[in-house]
Amino acid sequence: MNELLSRLTSKPLVATELLVASLFANLLALASPLFVIQVLNRYVTYGIDSTLATLTVGVIIAIALEMGFRQARLLLAASAIGDRDKDRAIGVFGILVSSKVSALERIPAEARQEIMRGVEAIEHAYSASNVGAILDVPFALLFVVALSLLSPILGMVAAAFIVGSFLFTLFSQRLMQNPTREQATASAARGSFVETADRAADTVRVFGGQSAIMAAWHKHVSLAQSIRQTIERRQGMTQTMTQSLQALMGVAIICVGAILVVMGELEVGTMIGANIMATRGLGPIMRLAQLTRAFARARQALLDLKGLTDLPQESSDGTVLNEYTGGLELRDVTFAYAGQATPLFESLSFTLPPGSVLVLQGDNGAGKTTLMRLIAGLIDPIRGQVFGDGVDVQQMDSVWWRKQLAYLPQEPTFLNDTVKGNFLAANADQSDDGIDATIRRAGLGTFIDESQHGLETPITNNGKTLAVGHRRRLALARALATGGRLVLFDEPTEGLDREGCAAVYECLKDLAQQGATIVVATTDPVILKGSRIVLDMNRKPTPQLLSMTATPPRSKTENREVSV
C-alpha cells in the first residue's frame, strides 16, 4: 500500500479530510444495526408507535448523512489522486521520449507498451472508489469496539473473523504476484504477435510464415490461458474464502449469541443487531478481497515503471554555444552493442574542420549507421568522445545539439501529424512558403501538389504507409529544413529512383557550396566517385581514413557524377 500512502501524504490536508469523512461515514453506519436492536428490544416489547417513529426518522437521517459523507469522500479522493494520475501518465511518456536511446533500446518495444498499459492499471486499482474502500478497512475496528460494548464475547468472535479475513486477503495478494508478473510478460509477447501479423503481413503470406507463426501463437495462447486460469483460480479462492468466513461468522455470532440469550445475558434484538454489526465490520475486508487482482496488477506495473524511471535521461541543461560553425572531432571512440563479443569499431579518431566532407563506406553491418547515431548523440560510446566545435556532445544540451544537425536517417520515421507539423517540429521558424520551397528542393513538389490537403496532409503510422520514395524524399526535405551546419546523411539515395537520386546529389552540392560540414554514409558509386575523404568502415578494429586520389569503380548502370 505504499502507493496509497504516497498519494495521501502528497496532500496532507485532503488526506485528513478523507480520514475524517471515513470516520463519520463509518460511525453513522452503526445507526442501522443499532436501529434494529432498539426496534426489537423496545418497540416490539412495548409497542409504542412514537418510539418507532423517532427511531425511524433518526436512522433515515443517519443513512442520509452517511451517504453524504461517502459522496464527499469520493469527491475528495478524486481530487487527491486525479492530479497524480495525470502527472504520472505525462511523466512516464516524457521518460519514453527523453531517455537516452541506447538505454531505452534495452527494453523491448512490446515491454514498453505493456509499461504504458500498466499506468492505466494503477489508475484503475487506486481509483477514488477503491481508495474509499481501502480507507474503510481500519474503521472495521469501530464495529468491533461497538459490538464489544454490547457483548465482549461477541466482540471477540467478530474480531477473530475480521482479523483472520484481513490476513488471508494479504496472503492472497502475495500469491498473485508471480502469476501477475508472468501475465504482464505474456501480454507483451502478445503485442509482438499482433505487431508481426500487422506490420509483416506480406512477409507472413508470401514467405510461408503462417505455419510457423500459428504454431508459436498456439503455444503462447496455451501459456497465457494457463496463467490467466491461475490468477482467476486464486482470485476466486480469495473471494470464496472471505464469503465463507462471513457465513461462518454469522453462524458463530448467532450460536454464541443464542447461548447468551438463553443464559439471560443478552437480548434477542441485541443478538440480531450484533450479527448485522459484525457483517458491516467484515464488509470492507470483503471489498478489499475483491480488489486483490487489481492491486497485484498495479504492484507489478509500479515495479515496471521503476525500471523505466531509472533510465538515464538526455541532458536538457548542458552547454549551448553562441554559434556552431560545423567543426567535428572524434577522439578514441569505441563502440560495442550489449552482448557483442568484440567492439563494432574501436580507437576511432579524426578531425573535420568546418566545411569538410567525409564519406563513410563499408558493408552492411560495418557500423556506418551506428557512427551516425553516435555523432548525433543518440547513443553513447563505451569509450572516447565526440566533439562539436571542441565541446563534448555528451555535455551539450541535447535539444540544442540536434538543431545543429541536418539528419537524414537510413530508415526515416515521422510524427503522426501533418506534413507541416513535422517540419515545424524540426524548425519552428519556417513559413509555409519556406516549407514548400524545401519540399520542392527535395523533388517532392508533385506529391504535395497532388495531395488534397497540401501541407496539411496527415501522416499516419509514423510515415510507414507512405511509398518508400516519398518517405525518403520527405525525410530529405525535413533534414534540409533545419538549416543545420552538420549534415548527416545515412544512405540518402537508397530506395530512390533516378529523379530522387538527382535531387540528393544536387542537395549535397548546394550544402557543400554553403560550407556545411557533411558526413554521408553510402554505397552509392556516384557519391563515392566525387568524394575526397573516405572513412573505410570495413577496416577492423579501427576504421581507416583514406584520401581519395583514385576514384572507385563506376557502376555499370550509373554514368552521372556528383562532386562534393
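Every number here is computed from the coordinates shown, using simple stated rules; none is lab data. Remember, it's a predicted structure, so these values are computed and weren't measured experimentally. Heads up, the Cβs are rebuilt from the backbone with ideal geometry, glycines too, and the neighbour counts pull from every protein chain shown.
Report summary: the helix-based calculation at 222 nm, which adds -39500 (n - 2.57) for every DSSP H run with n ≥ 4 and divides by the residues of the chain, gives -20000 deg cm²/dmol. When the pairs 306/420; 100/540; 403/464; 100/219; 86/368 are compared against a 30 Å limit on Cα-Cα distance, 306/420; 100/219; 86/368 fall above it.
Modelled spin-label separation between residue 207 and residue 320, with each label point placed 7 Å from Cα along the Cα-to-Cβ direction: 4.6 nm. Taken over the stretch 328-547, the convex hull of the Cα atoms encloses 123 Å³ per residue. Separation between the residue 263 and residue 225 pseudo-spin-labels, each 7 Å from Cα along Cα→Cβ, expressed in nm? Result for the modelled spin labels: 5.6 nm.
For the stretch 268-322, build the convex hull from the C-alpha positions and give me its volume per residue in Å³.
Expressed per residue, the convex hull around the Cα atoms of the stretch 268-322 is 108 Å³.
Annotation: extensible slack from residue 63 through residue 255 equals 66.2 nm (criterion: 0.36 nm per residue apart, minus Cα-Cα distance).
Using 0.36 nm per residue, how much length does the chain from residue 340 to residue 79 gain when fully extended, once their Cα-Cα distance is taken away? Gain on stretching residue 340 to residue 79: 89.0 nm. Given in Å, the Rg to one decimal and the Dmax to the nearest whole number for the Cα atoms of the stretch 232-378 are 35.3, 105.
The gain in end-to-end length when the residue 502 to residue 392 segment is fully stretched comes to 36.1 nm, 0.36 nm per residue minus the alpha carbon separation. Normalising by residue count, the stretch 381-429 has a Cα convex hull of 120 Å³ per residue.
Across the stretch 2-309, counting alpha-carbon atoms alone, Rg and Dmax equal 25.6, 89 Å. Computed on the stretch 328-547, with alpha-carbon pairs under 8 angstrom and 6+ residues apart, the relative contact order is 30 percent. Figure legend: label point modelled 7 angstrom from the Cα of residue 97 along Cα→Cβ; residues of the stretch 364-404 with amide N under 17 Å from it are 398-400, 402-403.
The modelled label-to-label distance between residue 523 and residue 233, using points 7 Å beyond Cα along the C-beta direction, is 5.4 nm. Sorting 315, 451 by the number of Cβ atoms found within 10 Å of their own Cβ, with the fewest placed first, yields 451, 315. Just how far, in whole angstrom, is the stretch 1-26 from the stretch 256-278 if you go by their alpha carbon centroids? Comparing the Cα centres of the stretch 256-278 and the stretch 1-26, I get a distance of 35 Å. From the coordinates of this entry, Rg/Rh (Cα atoms, Kirkwood Rh) is computed, and it appears in (1) 1.18; (2) 0.94; (3) 1.09 under the label (1). Here the Kirkwood formula puts the hydrodynamic radius of the stretch 84-228 at 19.7 Å, using every distinct Cα pair.
Tell me, what is the FRET efficiency for residue 116 and residue 86 to the nearest 0.05, using R0 = 25 angstrom and their Cβ-Cβ distance as r? With a Förster radius of 25 Å, E is 0.95.
Among beta bridges from DSSP that stay inside the chain, the antiparallel ones total about 50%. Just how far, in whole angstrom, is the stretch 133-152 from the stretch 34-95 if you go by their alpha carbon centroids? About 15 Å separates the Cα centre of the stretch 34-95 from the one of the stretch 133-152.
Report note on the peptides 348-355, 10-17: ranked by the mean count of other C-beta atoms within 10 Å, highest first, their order is 348-355, 10-17.
Grouping the Cα pair distances of the stretch 183-268 into 10 Å bins from zero gives a pair-distance distribution of 15, 23, 16, 12, 10, 10, 8, 5, 1 percent in increasing distance order. Listed peptides 504-516, 259-271 appear in the order 504-516, 259-271 once ranked by packing, highest mean of other Cβ atoms within 10 Å at the front.
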